[in-house]
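Asker: Before I ask anything, let me first share the structure, which is written out below as structure tokens.
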Amino acid sequence: MSILVYIRNVGGQLKKQSLELSAYAKAMADALNLDVTGLVIGTMADGELKKLGNYGMSRVLKVDDEQYNQRVNRVYTRIVEQAVNKTDAKYILFPDNAQGKAIAPRLSVRLRAGFIPQVLDLPSSFEPFTVKKRAFTGKAIATVTAHTERVILTPMLNSFGLPENAQDLEIQSFEPHIEEPDSRLELVGKQLSEEGVQLADADIVVSGGRGMRSSENFAMLEELAATLGAATACSRPVADDGWRPADEHVGQTGKIIAPNIYFAIGISGAIQHVAGVSGAKCIVGINSDPEAPIFEVADYGLVGDAFQIVPELNEVFRKHMHEKK
Amino acid sequence: MRVFVCMSYVPDTTTKIRFKEANTQLDDASIQWVINPWDELALTRAVELKYDAASPVDEVEIVMVGGVRCEPILRKGLAIGADKATRIDVEPLDAFQTATQLATYLQGKDCGFIVCGIESGDYNEAAVGGMLAELLDYASVSSVSSVQFDGDAPVYQRDVANGKEQVKVDGPAVLIVQKGFARVPKIPNMRGIMTARSKPLDVIPAIEVEPLVEFVEYAAPPAKGRVKMLNTPEELVRSLSDEAKLL
Amino acid sequence: MNFQLTEEQIMIQQAARNYAQRELIQDVIERDEKAIYPTEHIRNLAELGFLGMLVDPKYDGGGMDTVSYVLAMEEFSKVDSSIGVIISVNNSLVCYGLEKYGTEAQKEKYLKPLARGEITGAFLLSEPGAGSDATSQQTKATDMGDHYLVNGVKNWITNGNTASVYLLMAQTDPGKGHHGINALIVDRHAEGITLGPHENKMGMRSSDTHSVQFTDVKVPKANRIGEDGFGFKFAMKTLEGGRIGIASQALGIASGAYELARKYAMERKTFGKPIIRHQAIAFKLADMATEIEAARFLCLKAAWLKDQGQPYGIASAMAKQYAADMAMRVTTEAVQIHGGYGYVKEYHVERLMRDAKLTQIYEGTSEIQKIVVSRAIESGDI
């Protein structure tokens, strides 16, 4: 028996969340005396995969076949199912993001396995399987049990940490048997996004609200983001007004993210917005209004005019990053 | 072309969430129920497509799993512009039970595609769409941000990790849609509100399905520590670097 | 007795609230400051059906009840009472007057496009020398056989420039006093009509208010509403319903200011606690909430009577007088609760306070409403 971790493949690169998932799986595996196996679909170099060995993974199954580089949810589900059978996996872990959630529910149906997304902590019990998850857009924490033979989890980013645990990682090729792999889905176009950090994966996010006053003023946030290697984001009214693209909207009805640092600049901090970043390790609020609700949820606060603070901050960060190098 | 929109109902986003029965159940006494915001965007776009002469969509039906209390929400959906609503008469217990009810109803029904909002604002499962697709053995296209048409064939645009893709599906698909699918939810007009009651709202019995997971208890999230107010950008950088150790 | 709103009423309330909180709020400060007419919003609200929401669907209206109208007016006026007055004049004066008293031909020609909101209307009663005392109309509509010839000046006309249709009150036979007054439908662009300058008002600055001068304006006889000499009664009857609209507008201004004050009082801290925990502020909010609720009931009661087909003139006078005076008190307190912030435009409450003042003046001053109520007391009607 084992714990199977679905490893997200972003153009041959690992994401930090896969390392976290590996560490999370290892903690479960130690309690149950199991081992941790990863599954990666599509091309990824062994050197990249080896990183997973630092976080408790002992085996990776790689489906290194170009025909699977294109994600087809139905096909991917069947590949994971075959890996589950091969490794006799009792627990299957996916990243808590759009890709994980595109496949995990389908797998849940095929295996009749309980599916628990947005997991916040290690399981508190294995018999029955019990774990805490986020509910009501972060306004509550639910305790959930699954009585099924197998369980599928998507632990949230930052819910566990990243303890190192070096293992000898064995990399095995895995050949699934899929009939007509992509007969139903036809790719008719693709646009690569511009260079820049993707919001969902970013360690640092620089986000602006209505307090930025106009779309032009977001240039200074983009500059700050470039200095920090951060992604940019915004609050709902800003996206609704078209100052920023809709996919940058963070909040209850936008993206849910969990970066290490979230800069909320000129964002008042309505609960609908905060619901989108409650998983962040650290929230920095910058607002001209000392009474803004963002300071109720922020870890650090600066009161003042964003148009003055942001360029200053950019300078100080630039120096800091330079010194660090 | 008929389009199905699967809707769920959730507490209004500004509602305070409280629990009862020793924190085992949601206290729904003072809750105002609304259409799940993502489902509302899905419905908005479906209705826009119906009124867009260039699109083959000519019928929009809402399907919801829920008790009688969700009928006002279904009628709101009809007021927004759906042609028909179907309520499957059982309280949703988990994503699997909900998806199975939907699949049982939708099995074999002719349609162009089925739209589900990315997740519901209550249990945040983001699971019903994927499960439904698997139960129906349809393709699922997730993170869908728009639908265009190539003749009568829908072309779905989905967000992927490094950009956007446009895909076509042979046969019906389940779309899991997100923000951007419609800009803002459509506000129903007087005519829509007035005619909502005259549109069909069918209630059909549920089938027996065991849920796969059980919600046993709820708690409030841990209280956040107090904010540390700083005076200068230098102090902030020092705190993030030396104290929080995040830089 | 049943205080439960119907599902449709709740939907209309939510539709108005969503539009107000999502769209009107965006540019309301700028429109107030620069006195910009909300062309785009009026077009959107017409599409949603709010411009003719009370009109029977057979004349292309929304077919909604007056209770729904009160709810919608409150929601719009919480954010933007200029929108409130434009909707109110169109619905409860112009459309109502035409639907209730117009001929089928007049309804076909004028009511339908007004109800669809493709065009708006204005109600022309006030004159430089005839405001509260509407009997002393100086504008003349001389009977020329097949048409009237109109000469005179009307004042304080809401939608004066943007309207396409005027409902005009003018004196045809001074010998008969107010029984000589006629109500006429006049094309805004008819020859001989000149507008005075846009009034630079203290509040409701986004609605366009003008004086209108008539010089030998020809109006066909077919455009007269009702029998010869029906004009004064027409105006008074129509204004009874109009008062519900303005009362609801005042209610909205007050509840908008109260909601902002409440939010501010929860967030703003002095002496180590939110100011809502200081009794001086808490009691102000308690008074505001109670008075707003009282006004809401008066508005809904008047609307309910109208929907039931019962006399509502006294109820609407009470609602308008109380709601308008209450709105002035509540908005003043809302500014006080905000302190210095309340005195700057960014925080919205100063605008609501300026807007509130007009509700005590137009469509019958608070004093006129008291005349209506006190006469009813004397006559034993209440």
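The values are calculated or read from the model by the stated rules, or taken from the named source; none is laboratory data. Just so you know, these numbers come straight off a predicted model, no measurement behind them. Using ideal geometry, Cβ is built from the backbone for each residue, glycine included, and neighbour counts are taken over all protein chains shown.
Asker: Count, please, the residues in the range A:64-80 that happen to be in contact with a helix residue (DSSP H, G or I) (Cβ under 6 Å, 6 or more places away or on another chain) and either of a type outside the set (A, V, I, L, M) or away from every other protein chain (no Cβ under 14 Å) (or both). Outline the logic, then answer.
Answerer: So the first thing to find is which residues in the range A:64-80 are in contact with a helix residue (DSSP H, G or I) (Cβ under 6 Å, 6 or more places away or on another chain), and the list is A:73, A:76-77, A:80.
This time we only want the ones that are either of a type outside the set (A, V, I, L, M) or away from every other protein chain (no Cβ under 14 Å) (or both), so: A:73, A:76-77.
Residues that pass the stated criteria total 3.
Asker: I'd like the residue in the range A:304-319 that is facing chain B (nearest Cβ under 7 Å) and hydrophobic (A, V, I, L, M, F, W, C) and, out of all such residues, is nearest to C:Ile275 (Cα to Cα).
Answerer: A:Ile309
For every residue, the table says whether it meets (1) away from chain B (no Cβ under 14 Å); (2) without any contact (Cβ under 8 Å) to a residue 12 or more places away in the chain; (3) at positive phi.
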{"residue": "C:Leu48", "(1), (2), (3)": "no, no, no"}
{"residue": "C:Pro57", "(1), (2), (3)": "no, yes, no"}
{"residue": "C:Gly84", "(1), (2), (3)": "yes, no, no"}
{"residue": "C:Glu118", "(1), (2), (3)": "yes, no, no"}
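Asker: I'd like the residue in the range A:268-287 that is within 20 Å of B:Val237 (Cβ to Cβ) and touching a residue at least 40 places away in the same chain (Cβ under 8 Å) and, out of all such residues, is nearest to the other protein chains (Cβ to nearest Cβ).
Answerer: Among residues in the range A:268-287 that are within 20 Å of B:Val237 (Cβ to Cβ) and touching a residue at least 40 places away in the same chain (Cβ under 8 Å), the one nearest to the other protein chains (Cβ to nearest Cβ) is A:Lys281.
One line per residue, one yes/no per condition, for (1) more than 14 Å from chain B (Cβ to nearest Cβ); (2) of a type in the set (Val, Ile, Thr); (3) assigned to a helix (DSSP H, G or I):
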| residue | (1), (2), (3) |
| --- | --- |
| A:Ile3 | yes, yes, no |
| A:Glu20 | yes, no, yes |
| A:Ala27 | yes, no, yes |
| A:Asp30 | yes, no, yes |
| A:Gln82 | yes, no, yes |
| A:Lys86 | yes, no, yes |
| A:Pro95 | no, no, no |
| A:Leu107 | no, no, yes |
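Asker: Name the residue, out of C:Ala250, C:Ala282, C:Ala289, that is touching a helix residue (DSSP H, G or I) at 6+ places or on another chain (Cβ under 7 Å), crowded, with 24+ Cβ neighbours inside 10 Å, farther than 30 Å from C:Asp143 by Cα and at pLDDT 95 or above. I'd like the intermediate steps shown before the answer.
Answerer: Numbers: C:Ala282 fails: crowded, with 24+ Cβ neighbours inside 10 Å; C:Ala289 fails: crowded, with 24+ Cβ neighbours inside 10 Å.
The unique qualifying residue is C:Ala250.
Asker: Taking only the range B:22-56 into account, find how many residues are of a type in the set (Val, Ile, Thr) and in a loop (DSSP other than H, G, I, E, B).
Answerer: Result for the range B:22-56: 2.
Asker: Could you list, in sequence order, the residues of the range B:1-21 that are assigned to a loop (DSSP other than H, G, I, E, B) and not hydroxyl-bearing (Ser, Thr, Tyr)?
Answerer: At the first step, the residues of the range B:1-21 found to be assigned to a loop (DSSP other than H, G, I, E, B) are B:1, B:8, B:12-18, B:21.
Listed by number, the residues that qualify are B:Met1, B:Asp12, B:Lys16, B:Ile17, B:Arg18, B:Glu21.
Asker: Also, quick follow-up: Among the residues of the range A:191-224, which ones are more than 11 Å from chain B (Cβ to nearest Cβ) and more than 19 Å from A:Ala298 (Cα to Cα)?
Answerer: A:Val197, A:Arg213, A:Ser214, A:Ser215, A:Glu216, A:Asn217, A:Phe218, A:Ala219, A:Met220, A:Glu222, A:Glu223, listed by residue number.
Asker: Could I ask something else about it? Across the range A:260-278, which residue is nearest to A:Thr232 (Cα to Cα) among those that are touching a Ser or Thr at 6+ places or on another chain (Cβ under 6 Å) and among the small types (Gly, Ala, Ser)?
Answerer: Ranking the candidates gives A:Ala264 first.
Asker: Does C:Gly309 fit the bill of being at positive phi and free of Cβ contacts under 8 Å to residues at least 24 places away in the same chain? Spell out the reasoning first.
Answerer: Numbers: at positive phi: yes; free of Cβ contacts under 8 Å to residues at least 24 places away in the same chain: yes.
So C:Gly309 passes the test.
Asker: If you go through the range A:46-58 one residue at a time, do you hit one that is more than 9 Å from chain B (Cβ to nearest Cβ), touching an Asp or Glu at 6+ places or on another chain (Cβ under 9 Å) and hydroxyl-bearing (Ser, Thr, Tyr)?
Answerer: yes
Asker: Quickly run through the range B:14-49 and pick out the residues that are in contact with an Asp or Glu (Cβ under 6 Å, 6 or more places away or on another chain) and among the basic types (Lys, Arg).
Answerer: B:Arg18, B:Lys20
Asker: If you don't mind, another one. When you scan the range B:197-240, how many residues do you find that are at the interface with chain A (Cβ under 8 Å from one of its Cβ atoms), without any contact (Cβ under 8 Å) to a residue 12 or more places away in the chain and not in a loop (DSSP other than H, G, I, E, B)?
Answerer: 9
Asker: State the number of residues belonging to the range A:236-263 that are under 19 Å from the mean Cα position of the chain (by Cα) and more than 7 Å from every other protein chain (Cβ to nearest Cβ).
Answerer: Residues in the range A:236-263 being under 19 Å from the mean Cα position of the chain (by Cα) and more than 7 Å from every other protein chain (Cβ to nearest Cβ): 10 in total.
Asker: Out of the residues in the range A:78-109 that are more than 18 Å from A:Tyr68 (Cβ to Cβ) and among the basic types (Lys, Arg), which is modelled with the highest pLDDT?
Answerer: That would be A:Lys90.
Asker: Scan the range B:28-45 and tell me whether some residue there is over 17 Å from B:Asp83 (Cα atoms) and in contact with a Leu (Cβ under 7 Å, 6 or more places away or on another chain).
Answerer: Looking through the range B:28-45, none of the residues is over 17 Å from B:Asp83 (Cα atoms) and in contact with a Leu (Cβ under 7 Å, 6 or more places away or on another chain).
Asker: Please verify whether the range C:68-89 includes one or more residues that are among the β-branched types (Val, Ile, Thr) and touching a Cys at 6+ places or on another chain (Cβ under 6 Å).
Answerer: yes
Asker: Let me ask something additional. Quick one: which of B:Leu102, B:Leu136, B:Leu106, B:Leu132 is free of Cβ contacts under 8 Å to residues at least 40 places away in the same chain and touching a Leu at 6+ places or on another chain (Cβ under 8 Å)?
Answerer: Of the residues listed, the single one that is free of Cβ contacts under 8 Å to residues at least 40 places away in the same chain and touching a Leu at 6+ places or on another chain (Cβ under 8 Å) is B:Leu136.
Asker: Given the conditions (1) surrounded by fewer than 18 Cβ atoms within 10 Å (Cβ to Cβ); (2) part of a loop (DSSP other than H, G, I, E, B); (3) of a type in the set (A, V, I, L, M, F, W, C), and given that A:Val188 satisfies all but one, which numbered condition is not satisfied?
Answerer: In the conditions (1) surrounded by fewer than 18 Cβ atoms within 10 Å (Cβ to Cβ); (2) part of a loop (DSSP other than H, G, I, E, B); (3) of a type in the set (A, V, I, L, M, F, W, C), A:Val188 misses (2) alone.
Asker: Across the range A:70-79, what is the total count of residues that are in contact (Cβ under 8 Å) with a residue 40 or more places away in the chain and outside any helix (DSSP H, G or I)? Full working, then the answer.
Answerer: Quick first cut of the range A:70-79, residues in contact (Cβ under 8 Å) with a residue 40 or more places away in the chain only: A:70, A:72, A:74-75, A:78-79.
Then drop every residue that is not outside any helix (DSSP H, G or I), which leaves A:70, A:72.
Of the residues in that region, 2 qualify.
Asker: I've got another one for you. Filter the helices (runs of 4 or more DSSP H) completely within the range C:1-120 down to those with at least 3 residues that are polar (S, T, N, Q).
Answerer: C:7-19, C:66-79, C:81-88
Asker: Let me confirm something: among C:Gly49, C:Gly84, C:Gly97, which residue is closer than 23 Å to B:Ile80 by Cβ and outside the structural domain of C:Ala222 (by TED's automatic domain parsing)?
Answerer: Working: C:Gly84 fails: closer than 23 Å to B:Ile80 by Cβ; C:Gly97 fails: closer than 23 Å to B:Ile80 by Cβ.
Answer to the check: C:Gly49.
Asker: Right, next: One residue is enough: does the range A:124-142 have a residue meeting the conditions in a loop (DSSP other than H, G, I, E, B) and among the hydrophobic types (A, V, I, L, M, F, W, C)?
Answerer: The answer is no; no qualifying residue exists.
Asker: Testing B:Asp52 on (1) surrounded by fewer than 23 Cβ atoms within 10 Å (Cβ to Cβ); (2) within 14 Å of another protein chain (Cβ to nearest Cβ); (3) closer than 20 Å to B:Val184 by Cβ, one condition comes back false. Which one is that?
Answerer: Of the numbered conditions (1) surrounded by fewer than 23 Cβ atoms within 10 Å (Cβ to Cβ); (2) within 14 Å of another protein chain (Cβ to nearest Cβ); (3) closer than 20 Å to B:Val184 by Cβ, the odd one out for B:Asp52 is (2).
Asker: Assuming A:Thr148 fulfils every condition listed in (1) assigned to a loop (DSSP other than H, G, I, E, B); (2) more than 7 Å from chain B (Cβ to nearest Cβ); (3) modelled with pLDDT of 85 or more apart from one, which condition is it?
Answerer: Single failed check for A:Thr148: (2).
Asker: Could you look through the range A:25-74, keep only residues that are β-branched (Val, Ile, Thr) and closer than 24 Å to A:Lys90 by Cβ, and pick out the one that is surrounded by the most Cβ atoms within 10 Å (Cβ to Cβ)?
Answerer: Once the filter is applied, the top-ranked residue is A:Val36.
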